[in-house]
Every structure is written in C-alpha cells, then in structure tokens.
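To keep things clear, I will list the structure first and then write my remarks on it.
The values are calculated or read from the model by the stated rules, or taken from the named source; none is laboratory data. Only a predicted model underlies this, so the values are computations on that prediction, with no experimental measurement involved. All Cβ positions, glycine included, derive from the backbone under ideal geometry; neighbour counts span all protein chains shown. Remember, those area values only see protein heavy atoms, side chains included, never the ligands or the DNA or RNA. Shrake-Rupley method; radii C 1.70, N 1.55, O 1.52, S 1.80 Å.
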Amino acid sequence: MDISTSLCGVKLKNPIVLASGILGTNAAILERVAISGAGAVTLKSIGPVERQANNNPSVLAWEHGLINAVGLPSSGYKHYNWEGYDKLSCPLIVSIYGSTVEEYVEVAKALSSKGKILEINISCPNKHDGMSFCLNIDAATEVVKSVKKVVHVPVFVKLSPNVPNIGLLAAEVERAGADGITAVNTLGPGMIIDIEAKRPILAYKTGGLSGPGIKPIAIKCVYDIYKAVKVPIIGTGGITTGRDAIEMLMAGATAVGVGSAVYYHGMDVFKKMADEMQEWMKMNKYKSLKELIGAAHE
Ligand code: DHB
C-alpha cells in the first residue's frame, strides 16, 4: 500500500521521519537510517559556533522514556563536515539553532541549501536561552520572518510543549511565514534524583523528556495546532509503533518524527513502523494517508 506523503512539495516514501538529535550527526549514519526505511532524516541542530557537549551522564532512560541534556554540541556551521550528504537516499531536513535573531539568520543563510527543508529549533530546554524564542510570540515570529527572507527551502519551526497555548503560537508562526510546524520538542526540563547518591543523576542536573511518557501531550499539542493552522505538521513525541504513528496522523500530523523509539527498537524501527501502519490500514480499509490526517477532528 502507498503510504507516501509530501511536506511542502518534498516527497517522502513514508511519513516516518528521524527526529533531530538522534543519530543525526553525519552522513554515513543518516544513510543507514534511510536504508532502514525512514521517509526523511533530520540533522542534530547545528549552531553558529563550536559548542561542547555537556558532561556525562547526559542521557538516561526512565520508566516511560528518556531524559537528556546533551547540550546542543556543535562544530559550528562553518566547520560542519558535509561529506556524503549529496548521496543520501531520502530527503534531508537541516535543523539549526541560535541565541539571537542574527545568529539564526546567519546559520540559516549558510545552510538552507544543504537540505530539502530547514527546521529552526527555537525550543531546546537545555540551554539557558534555548526556549526564549518559543516562549515569546513576538520573538518567535521575528525569527521566522527574518529567516524566511534569506532561505529558499520550506521552513519548519520546532515548538515546545511547554507553552500556554501552542495553537496560538503555531498560528502566529504560520502568519510570520512558516511553511510547517514540527511539534513537539522535548518536554521539561525534568529531573531524576539518585536517592542513594542524594543528587540529580544528569551531570547538567536537568534534561528534556522524550519517549512514550510524553506521547499524550504531543498528540494534544498536534491536535491543537491542526485546528489553528493550514501548514503541514511533523508530529513528534513518544511515537514508537505504527499504531502511534496513525494516532499522530489522526491528531493532524502529515508526517511523524521518531527519536527515542530508536533507543527501544534500534534502526529497524522505521521499517517496522511503516509495515505496521500498512497492515493496520489494510485491515481497517483505509486506502491512503489522506484519510487518516486529522481524522480525529471529524
Ligand atoms: C537537546 C536539544 C534539544 O532541542 C532537546 O529537545 C533536547 C536536548 C540537547 O542537545 O541538549
């Protein structure tokens, strides 16, 4: 069964997208993900200058997902190694971050032609100013307007679930020119304390939550965003099975982001999810993804 989809004219053989931050650090690994069946892959966010990772432990599994404070490590866009990316066998989404509008614009200008879609990460919980653009509608719209002026590929904006009204934020970001929304980034920050050691386990103390435990929040966010905008949504947050992906499409997503699921199921998760989706659709007599997208709103 055909489960291909399209994000602003970019064709995906299936709607399952490797989310930013997982495996997205070089072309060889991303090509393995593509071969494993992903419809598209997203890079780990690239910033304006070199930035070191946080100390370990920086990722930890808890009962219902992962918590991480990797720290947005980056070589900086000027030193990024683009070797092999031209041979990638599925569309590439380039993710970027900055601390000022000028930095977003600088990185966007330099990198937008490297991928089919540019994703701007305005919602990282692990940097003191990482969420400032997402938590303020004026700041979010300013960064989108400025980035849109300098790039020629579709611009997706990655939003945090930690906002009072994500539908309103998405609508304003759309009005500012965003071509799509990626929702959601990790939830939090949260904290896990080792009671024997009497201290937080992560070296950074706090981190963003992902995985199955945040899925109902991600579904609700996408449901609200779908009501508020016309642009496509990459629904991300705790999607681990084909059934989860279908649920996310029914909330209103056009594609689904998959991150923590790779920790649970390995690289095979992409093909497995696509197979599960097709089987479920066949069994329930759905013929195309179009019938699923937003179906929970009817
Ligand atoms: C990091 C960045 C994110 O956007 C996120 O959601 C979680 C972690 C990081 O690199 O620390």
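Numbers for the structure displayed
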{"item": "Complete set of residues in the range 248-269 that are surrounded by fewer than 22 Cβ atoms within 10 Å (Cβ to Cβ) and in contact (Cβ under 8 Å) with a residue 12 or more places away in the chain", "result": "Met250, Val262, Tyr263, Tyr264, His265, Met267, Asp268"}
{"item": "Hits in the range 71-121 (condition: under 14 Å from Asn185 (Cα atoms) and at pLDDT 95 or above)", "result": "Ser95, Ile96, Tyr97, Glu119, Ile120, Asn121"}
{"item": "Residue list for the range 270-298, filter: of a type in the set (A, V, I, L, M) and in contact (Cβ under 8 Å) with a residue 60 or more places away in the chain", "result": "Met273, Ala274, Met277, Met281, Leu289, Ala296"}
{"item": "Residues of the range 167-219 that turn out to be buried (at least 19 other Cβ atoms within 10 Å of the Cβ), among the basic types (Lys, Arg) and over 17 Å from the mean Cα position of the chain (by Cα), as a count", "result": "0"}
{"item": "Evaluation of Ile181 against (1) part of a helix (DSSP H, G or I); (2) in contact with a strand residue (DSSP E or B) (Cβ under 9 Å, 6 or more places away or on another chain); (3) not small (Gly, Ala, Ser) (one fails), failing number", "result": "(1)"}
{"item": "Condition check for Ala110: open to solvent by less than 10 Å² (accessible area, probe 1.4 Å) and more than 16 Å from the ligand (Cβ to nearest atom)", "result": "no"}
{"item": "Members of the range 113-145 that are within 16 Å of the ligand (Cβ to nearest atom), among the charged types (D, E, K, R) and over 18 Å from the mean Cα position of the chain (by Cα)", "result": "Asp129"}
{"item": "Failed item in (1) open to solvent by 10 Å² or more (accessible area, probe 1.4 Å); (2) out of contact with any Pro (no Cβ under 8 Å at 6 or more places or on another chain); (3) touching a residue at least 40 places away in the same chain (Cβ under 8 Å); (4) within 15 Å of the ligand (Cβ to nearest atom), with Pro73 passing the rest", "result": "(3)"}
